[in-house]
Amino acid sequence: DRSPSRGLGDVYKRQEWNVLGRLQGQLDTELDMTGRQQAGALASALASRLLHAPLATAVYSSDLSRVSETAAICVRACCSEGGGMPPIRLDARLRERKLGLFEGLTVMEAKSKYPIEWKRFISGQKVDGVEDDEQIAARVGEALRDVASKHPGCTILVFSHGGAIHSGIRALTGAEALREIGNCSISQLRAAHGSLGRWDAISIGENLRDAQLASNADVQRLSTC
């Protein structure tokens with residue numbers, strides 16, 4: 001079992017952690033009922049958008065279960081009529097930012113337990129065991145470029161995490177600042193020719209009725225830097 005959360009002695013639920021304001025990072029938290037309802041709302045929105053899109057032959061997802069389960073819910077909804085379901089390819093490069101010693105803590109706990117390290121983190125300085133902005137941007141940007149190069153001319157569904165999506169979009173588009181990206185929101189990018197140039201952002205962080213902007217502690221650092 002490669003799930004990092006097993007060492008904490010509990011199976012934690014994504015929505016519960018969001019409500020508590022806990023930093024998940026790369027801990028493998030699961031969806032709870034509310035999370036599955038939000039994923040269902042996302043699935044309905046995607047299904048209506050993809051009626052006439054030339055879909056790629058595969059869907060890509062972070063290998064953390066809270067996102068891979070969201071991807072499975074959406075794929076079932078989008079591909080329930082006509083044709084089989086495309087495989088979901090798991091890619092560890094699409095994981096959320098690695099938060100190291102902060103993972104599993106609330107923001108207040110992180111500030112209290114590791115005040116020096118937290119101050120360094122929110123000011124953009126390096127902290128041992130924690131991915132910095134350049135590292136996560138390079139990781140997610142590389143994954144998205146690889147995916148785009150495999151499916152030229154196709155619409156590709158990629159499922160990831162708020163902080164990772166934020167960093168990936170900035171890396172590919174060159175944007176200096178972005179709006180917050182809520183849970184179960186949709187961002188649409190157009191790859192540059194050959195996928196290596198600067199990409200265009202068609203939409204960023206479109207929020208569905210059930211999307212929650214402020215409940216994901218993992219992206220709070222992006223708005224406090």
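If each residue of separation counts as 0.36 nm, what is the full-extension length gain between E142 and A201 once their alpha-carbon separation is subtracted? Walk me through the intermediate numbers first.
On the way: separation 59, 0.36 × 59 = 21.24 nm, distance 1.69 nm.
Additional length available on full extension: 19.6 nm.
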Taking a crude spin-label model, label points 7 Å out from Cα along the C-beta direction, the S149 to Q125 distance in nm is 3.7
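Based on the Cβ-Cβ distance of A58 and I116, what FRET efficiency does E = 1/(1 + (r/R0)^6) give at R0 = 35 Å, to the nearest 0.05? Don't skip to the answer; put the middle values down first.
On the way: r = 44 Å, r/R0 = 1.25.
For R0 = 35 Å, the calculated efficiency reads 0.20.
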With a Förster distance of 41 angstrom and the Cβ-Cβ distance between D132 and A47, calculated FRET efficiency to the nearest 0.05 equals 0.65
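What accessible area per residue, rounded to a whole number of Å², is obtained for the range 29-123 using a probe radius of 1.4 Å? Provide the component values of the computation, followed by the final result.
Numbers: 4600 Å² over 95 residues.
Value returned for the range 29-123: 48 Å² of accessible area per residue.
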Computed Kirkwood radius, in angstrom, where 1/r is averaged over Cα pairs of the range 113-209 = 14.6
Place the peptides 70-76, 162-168, 185-191, 173-179 in order of packing, highest mean first, counting for every residue the other Cβ atoms within 10 Å and averaging per peptide.
-> 162-168, 70-76, 185-191, 173-179
Amide H contacts under 5 Å for T155, restricted to residues at least 5 apart in sequence or on another chain and with H modeled in the peptide plane, are L55, A56
Karplus-derived 3J(HN,Hα), 6.51/-1.76/1.60, for each residue of the range 138-149, Hz, glycine and proline x = 5, 5, 6, x, 4, 4, 5, 5, 4, 4, 4, 5
Relative contact order, percent, the range 119-192 [alpha-carbon distance under 8 Å, six or more residues apart] = 29
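Please sort by residue number the GluC sites (Glu not before Pro) in the range 81-161 whose DSSP state is loop and whose Cβ has at most 12 other Cβ atoms within 10 Å. If you can, show how the numbers build up before the last one.
Values: sites: E81, E96, E103, E109, E117, E131, E134, E142; in loops: E81, E96, E103, E131.
Answer in residue order: E81.
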Pop out the ³J(HN,Hα) list for the range 107-124 in order, Karplus 6.51 cos²θ - 1.76 cosθ + 1.60 with θ = phi - 60°, rounded to Hz; leave Gly and Pro as x.
-> 4, 5, 5, 4, 4, 6, 7, 10, x, 5, 5, 5, 4, 5, 4, 6, 8, x
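The values are calculated or read from the model by the stated rules, or taken from the named source; none is laboratory data. Owing to the predicted nature of the structure, the values given are computational and were not obtained by experimental measurement. Ideal geometry is used to build each Cβ from the backbone, glycine not excepted, and the neighbour counts take in all protein chains shown. For accessibility, only protein heavy atoms count, side chains too; no ligands or nucleic acids. Shrake-Rupley method; radii C 1.70, N 1.55, O 1.52, S 1.80 Å.
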